[in-house]
Amino acid sequence: MIRLRAARPVDAGAVGMILSEFVDTTPWMPRIHSRAQDLAHAADMIDLGWVTLAVGVDEVLGFAARDAAQLHALYVARAARGQGIGSDLLRQAQAAAPALTLWTFQANTGAQRFYLRHGFREALRTQGEANDEGLPDIRYDWQQEAR
């Protein structure tokens, strides 16, 4: 059973490991930060109160980091992908905000399909001048439907 909960400072290691795992297992993704920097970034996001975890029986399986309408990160551990965990995290973020904006890399076609399935629309493409990795990216926007 998967449950969602707010991250606590003690969770920074697990969140940092999920971030590092993505970089380590994604051929097109350059490693520009050390694993220690990934952990520090995770701790910073947790300290800001942005992080929601998807937790299994005894491990963190994924996380989303949201600051108001900006979804900064949504990652699921490689072994836990394809089980609806990312969808659960995203639905919770959508329930908490009337509109969301996020960025993903153009090379991340799986993320693009995922966000489109969840009602996001492409708003802008860039050549990566504003991201640390320097990779072409896409901004996606989502807005709650009027009732």
Exercise for the section: Please report how far the C-alpha centroid of region 2-71 lies from that of region 98-147, rounded to the nearest whole angstrom. Expected result: 19
Problem - Cβ-placed point charges (K, R +1; D, E -1), dipole of the chain about Cα centre in debye, nearest 20 - result: 520
Exercise for the section: May I ask you to derive the relative contact order of the chain, considering only C-alpha pairs under 8 Å and at least 6 residues apart, and to give it as an integer percent? Expected result: 19
Handout entry: Among LEU74, LEU135, LEU19, residue whose mean-square fluctuation peaks in a GNM of the chain (springs only between Cα atoms under 10 Å)
Key = LEU135
Practice task
Using a Gaussian network model of the chain whose springs link C-alpha atoms within less than 10 Å, name the residue from ARG113, ARG121, ARG35 with the highest mean-square fluctuation.
Solution key: ARG113
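Here, each number is a calculation from the coordinates, and none is a lab measurement. Everything quoted here is computed from the prediction, not taken from an experiment. With ideal geometry, Cβ positions are generated from the backbone for all residues, glycine too; neighbour counts draw on all protein chains shown.
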